[in-house]
Amino acid sequence: MPGPTIRDVANLAGVSVATVSRVISGSAPVSPATRKRVEEAMAQLGWRPNMAARSLVHGRTGLYGVIVPDVANPFFGELATGMTREAARLGIQIVMLHTDFSEEQDLAALDLCREHRLDAVIYTSGTLGDAHRDAFRKLGRPVVLAATFDPDGEWPGILVDSEIGARMGARHLLSLGHRKIALLGGPETDQVAAGPRWRGWRAELAEAGCLPPAEWQLEVRWKQQHGYQAAISLLRQPEAPTAILCCSDMIALGVLAAAADLGISVPHELSVVGFDGQAIAGFWRPPLTTIGQPIGLIGREALHLATRLVAGEEPPTTRWLTPELIVRGSTATPRR
């Protein structure tokens, strides 16, 4: 029995075959409501366009590049999963490029996307440098930023407001009665995540009159082992903090491991707050209080934005999402 055809998609969506073709090819703008009906019809019928034919006719490959800095970090895994699931629904193929937080590898990945004429690039690797901007311009293809942004506003992005989220975390600890709070954050030069989180923490704590001393404000890298090492140093001090605000869930999980190794009870002797809302954080023991980002939504929205740009729609400005405080078992009223 023959499979569904483009005409079947058109009939189910209540549009013409030409409209379905425009949705697929991006040859002309289509209203969001019509695009949604066509995409839902394609998904319901399990129909996908012929990528090779589309490439020959429209000069498009149906391939989108996604540049990811750390495939071992669950944050980027969840982000990529949000994109790939939506891409499968839309008949788009994702080419994942891992760059290990290296500008050199970022640029090599962008060159690869240009050489293979991918339809669009979704960049998730953090702060942009001038070399990135030059490479984006040379692509000649739409670029969307996911979980990052361009301060100059040249490329649109989808991300959470980190400064607001950092204030939420600090305010939560203050509301519990903590006043001896340490900070573990990424490089302050990072304009996307670490820098705004440092600003949010300091502003909230300064307003409460309990800004921590410099030796309790430590810059660390984004992995668990760096959170672990910094926490060991902090918690071995004669005057130790009663709470630690962390720039990511991975750093926070390292802190929880350090506390366990030192025999420090969380949350009774130490409260810990992460940032990201990764799924793994909820299965730790104790489960981690964190500032949640809608990671999967960021990925899906970035992909949808890329498809609209490929279709020739006008690029929107950066979209800022609101984080949420997720209170779990790693925070409590301080004993001392």
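The values are calculated or read from the model by the stated rules, or taken from the named source; none is laboratory data. Since this is a predicted model, take the numbers as computed values, not measurements. Cβ sites come from the backbone with ideal geometry, for glycine too, and all protein chains shown count toward neighbours. Side chains included, ligands, DNA and RNA excluded: accessible areas come from the protein's heavy atoms. Shrake-Rupley method; radii C 1.70, N 1.55, O 1.52, S 1.80 Å.
Here are a few things to note about the model shown:
- Solvent exposure of segment 242-336 amounts to 38 Å² per residue of accessible area, where only protein heavy atoms count and the probe is 1.4 Å.
- Accessible surface of the chain [probe 1.4 Å, protein heavy atoms]: carbon and sulfur percent: 52 percent
- Counting only alpha carbon atoms, the long axis of helix 74-90 and the longest principal axis of the chain meet at about 20°.
- R0 of 22 Å, Cβ-Cβ distance MET96-LYS138: FRET efficiency to nearest 0.05: 0.55
- Label-point separation, GLU154 to GLN105 (7 Å along Cα→Cβ), nm: 2.5 nm
- Largest-first principal axis extents, alpha carbons of segment 52-179, Å: 65, 34, 26
- Across segment 60-106 the C-alpha pair distances fall into 10 Å bins from zero in the proportions 27, 49, 22, 1 percent.
- D (Stokes-Einstein, µm²/s), Kirkwood Cα radius, segment 257-336, 1.306 mPa s at 10 °C: 105 µm²/s
- Estimated inter-spin distance, ASN11 and ALA260, nm [label 7 Å along Cα→Cβ]: 5.9 nm
- Ordered by solvent-accessible area of protein heavy atoms (1.4 Å probe), largest first, the residues LEU218, LEU303 come out as LEU218, LEU303.
- Binning the C-alpha pair distances of the chain at 20 Å intervals from 0 yields a P(r) profile of 30, 47, 21, 2 %, listed from the shortest bin outward.
- Ordered by solvent-accessible area of protein heavy atoms (1.4 Å probe), largest first, the residues ASP152, ASP161, ASP111 come out as ASP152, ASP111, ASP161.
- Considering segment 135-271, its Cα convex hull presents a mean projected area of 9.2 nm².
- Scaling the Cα radius of gyration of segment 132-199 by the globular reference 2.2 N^0.38 Å produces a ratio of 1.47.
- Percent antiparallel among DSSP beta bridges (both partners in the chain, rounded to 5): 10 percent
- GluC sites (Glu not before Pro) lying in DSSP loop within segment 155-211, provided at most 16 other Cβ fall within 10 Å: GLU188
- Charge dipole magnitude, Cβ of K and R +1, D and E -1 - the chain, Cα centre, debye nearest 20: 940 debye
- By a 1.4 Å probe calculation restricted to protein chains, SER265 has an accessible surface near 40 Å², given to the nearest 10.
- The chain: calculated mean residue ellipticity at 222 nm from DSSP helix runs of at least 4, using -39500 (n - 2.57): -14000 deg cm²/dmol
- In this view, the solvent-accessible surface of ARG7, computed with a 1.4 Å probe and all protein chains in place, comes to about 140 Å².
- Between helix 103-115 and the chain there is an angle of about 10 degrees, using the helix long axis and the longest principal axis of the Cα atoms.
- Folded to 0 to 90 degrees: helix 295-310 orientation relative to the chain principal axis, Cα: 30 degrees
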